[in-house]
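My questions all concern the structure below.
The values are calculated or read from the model by the stated rules, or taken from the named source; none is laboratory data. Predicted model only: the values in this text are computed from it and were never measured. Because the Cβ atoms are built from the backbone with ideal geometry, glycine has one as well, and the counts that use them run over all protein chains shown.
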Ligand code: R5P
C-alpha cells in the first residue's frame with residue numbers, strides 16, 4: 001500500500017499518512033509557465049496498490065486536473081491498482097439535468113476519473129448517494145456521521161439538541177443523526193427561488209424551547225444554514241448549532257457565519273481550512289483522517305469497509 005497526494009489538502013493527507021504510519025511516494029507536481037500541470041512520480045510504483053489523495057475543492061478545475069494527471073502518471077508507471085481518494089467530490093451538485101440543454105457534470109467528472117485509469121474511488125458523503133452509480137468502478141461512499149455524532153456528544157452531551165434538516169433533501173442524514181442521538185427531528189421546508197440564494201419557508205416539527213442542531217452535507221455560501229437558524233429561533237428554538245461535512249465556504253461565507261446567530265458551525269477537514277476560517281470564532285473543524293485511513297487500510301486488506309459503520 002503506497003500513498004501519494006496532490007496539493008488540494010496537505011493537512012488531511014498528512015494526517016492520513018500519520019494514521020497509517022506510511023510516508024508519501026515522492027512526486028513533483030509542477031506548473032509550466034502557461035500553467036499546464038506536470039506530474040513526475042519520483043519512485044518506482046510498479047505493481048503497487050496506490051492511493052491518490054485529492055479533494056476536488058476550490059480551485060476545483062485545477063485540483064481535478066491534478067488528480068487526473070496523477071492517476072495517468074501512476075497508470076503509465078504500472079501501478080497494480082489505483083484508488084482515487086476524493087474526500088470532497090466537487091461538481092457533485094450538478095448531478096442531473098436542471099433544464100433543457102444543461103450538463104450532468106458529476107457524471108462527466110466520474111467518466112474522466114475512470115478514463116484516466118482509476119480502479120476504484122473512495123469518498124465521503126456524496127451530495128447524492130446515486131452518484132456512486134455514475135462510476136463503473138467500485139466506489140465506497142463513507143459517512144462522516146459517526147465522527148459528527150461523537151463531537152455532538154462530547155460538546156453538547158449535557159443538553160442533547162433536537163436534530164434539524166435544513167432542507168427536505170437532507171432528511172435521511174438528519175434522521176440518521178437523530179436516531180443515533182435518540183432525539184427528535186424537525187425539517188426546514190426551504191424553497192430556493194434563484195441559484196445561490198435560499199429562502200426558508202416553514203418548520204415541520206415543534207422546536208419551541210429546544211436547542212437545535214442543523215446537519216447538512218455542504219456549507220457553501222452559508223445561506224442555507226444561516227437562514228435556517230433564523231427561522232428556528234423565530235419559531236422558539238433556544239439556540240442553534242450547525243454541522244456540515246464539507247466546508248466549501250466560498251465568497252463571503254465565513255463572514256456570514258461569523259455575523260449569524262449560529263452558536264457554532266463545525267465542518268470536517270475534507271476541504272482544507274482557509275486562514276479566514278481558522279480565525280473565525282464560531283467555526284471549528286474536526287478530522288475524518290482516521291475514518292478515511294481505516295477505510296484505506298481495509299481496502300488494501302480486502303476487508304469490509306461497511307462494517308466501519310456497524
Ligand atoms: C443543497 O442541496 C446542499 O445540501 C446544501 O444545503 C447547499 O449546497 C448549501 O449551500 P449554501 O451554503 O450556499 O446555502
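How many of the residues making up segment 278-296 are touching a helix residue (DSSP H, G or I) at 6+ places or on another chain (Cβ under 8 Å) and either more than 16 Å from residue 123 (Cα to Cα) or surrounded by fewer than 16 Cβ atoms within 10 Å (Cβ to Cβ) (or both)? Spell out the reasoning first.
Of segment 278-296, the ones touching a helix residue (DSSP H, G or I) at 6+ places or on another chain (Cβ under 8 Å) are 280-283, 285-296.
Next, from what is left, pick out any that are either more than 16 Å from residue 123 (Cα to Cα) or surrounded by fewer than 16 Cβ atoms within 10 Å (Cβ to Cβ) (or both): 280-283, 285-286, 290.
Of the residues in that region, 7 qualify.
Residue-wise test of (1) under 20 Å from residue 53 (Cα atoms); (2) more than 18 Å from the chain's Cα centre (by Cα).
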position	(1), (2)
222	no, no
241	no, yes
245	yes, no
252	no, yes
273	yes, no
279	no, yes
285	yes, no
301	yes, yes
309	no, no
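Criterion first (closer than 22 Å to residue 298 by Cα and in contact (Cβ under 8 Å) with a residue 12 or more places away in the chain) does residue 83 satisfy it? Break it down stepwise before answering.
Values: closer than 22 Å to residue 298 by Cα: yes; in contact (Cβ under 8 Å) with a residue 12 or more places away in the chain: yes.
Spelling it out, residue 83 is indeed closer than 22 Å to residue 298 by Cα and in contact (Cβ under 8 Å) with a residue 12 or more places away in the chain.
Sticking with this one: When the residues of segment 117-131 are filtered to those that are crowded, with 19+ Cβ neighbours inside 10 Å and away from the ligand (no atom under 16 Å from the Cβ), which remaining residue is farthest from residue 298 (Cα to Cα)?
Going through segment 117-131, the residues crowded, with 19+ Cβ neighbours inside 10 Å turn out to be 118, 121-127, 131.
Filter again for away from the ligand (no atom under 16 Å from the Cβ), leaving 118, 121-122.
Working: 118: 18, 121: 14, 122: 12 Å.
Once the filter is applied, the top-ranked residue is 118.
A further question follows. Taking helices (runs of 4 or more DSSP H) that fall entirely within segment 141-245, which contain at least 3 residues that are away from the ligand (no atom under 16 Å from the Cβ)? Reasoning before the result, please.
Details: elements: 145-156, 171-181, 223-234.
Answer list for segment 141-245: 145-156, 171-181.
Name the residues in segment 6-34 that are farther than 14 Å from residue 292 by Cα and not in a loop (DSSP other than H, G, I, E, B), would you?
10, 24, 27, 28, 29, 30, 31, listed by residue number.
Restricting to segment 148-172, and then to whatever is within 29 Å of residue 299 (Cα to Cα) and in contact with a strand residue (DSSP E or B) (Cβ under 6 Å, 6 or more places away or on another chain), can you tell me which residue is surrounded by the fewest Cβ atoms within 10 Å (Cβ to Cβ)?
Here the residue is 151.
Among the numbered conditions (1) in the same structural domain as residue 262 (by TED's automatic domain parsing); (2) under 26 Å from residue 85 (Cα atoms); (3) in contact with a strand residue (DSSP E or B) (Cβ under 6 Å, 6 or more places away or on another chain), tell me where residue 187 comes up short.
(2)
Among the residues in segment 19-29, are any more than 18 Å from residue 82 (Cβ to Cβ) and either touching a helix residue (DSSP H, G or I) at 6+ places or on another chain (Cβ under 9 Å) or touching a residue at least 60 places away in the same chain (Cβ under 8 Å) (or both)? Spell out how you get there, then give the answer.
Step one: list which residues in segment 19-29 are more than 18 Å from residue 82 (Cβ to Cβ), which gives 19, 21, 23, 28.
Restricting the remaining residues to those that are either touching a helix residue (DSSP H, G or I) at 6+ places or on another chain (Cβ under 9 Å) or touching a residue at least 60 places away in the same chain (Cβ under 8 Å) (or both) gives 19, 23.
Yes: segment 19-29 contains one or more residues that are more than 18 Å from residue 82 (Cβ to Cβ) and either touching a helix residue (DSSP H, G or I) at 6+ places or on another chain (Cβ under 9 Å) or touching a residue at least 60 places away in the same chain (Cβ under 8 Å) (or both).
Further question on the same structure: Somewhere in segment 52-61, is a residue crowded, with 16+ Cβ neighbours inside 10 Å, part of a helix (DSSP H, G or I) and modelled with pLDDT of 95 or more?
Going through segment 52-61, the residues crowded, with 16+ Cβ neighbours inside 10 Å turn out to be 52-58, 60.
Those left that are additionally part of a helix (DSSP H, G or I): 60.
From the residues that got through so far, the ones that are modelled with pLDDT of 95 or more too are 60.
The answer is yes, given that some residue of segment 52-61 is crowded, with 16+ Cβ neighbours inside 10 Å, part of a helix (DSSP H, G or I) and modelled with pLDDT of 95 or more.
Of all residues in segment 62-73, count the ones that are surrounded by fewer than 17 Cβ atoms within 10 Å (Cβ to Cβ) and in contact with a helix residue (DSSP H, G or I) (Cβ under 6 Å, 6 or more places away or on another chain).
Residues in segment 62-73 being surrounded by fewer than 17 Cβ atoms within 10 Å (Cβ to Cβ) and in contact with a helix residue (DSSP H, G or I) (Cβ under 6 Å, 6 or more places away or on another chain): 1 in total.
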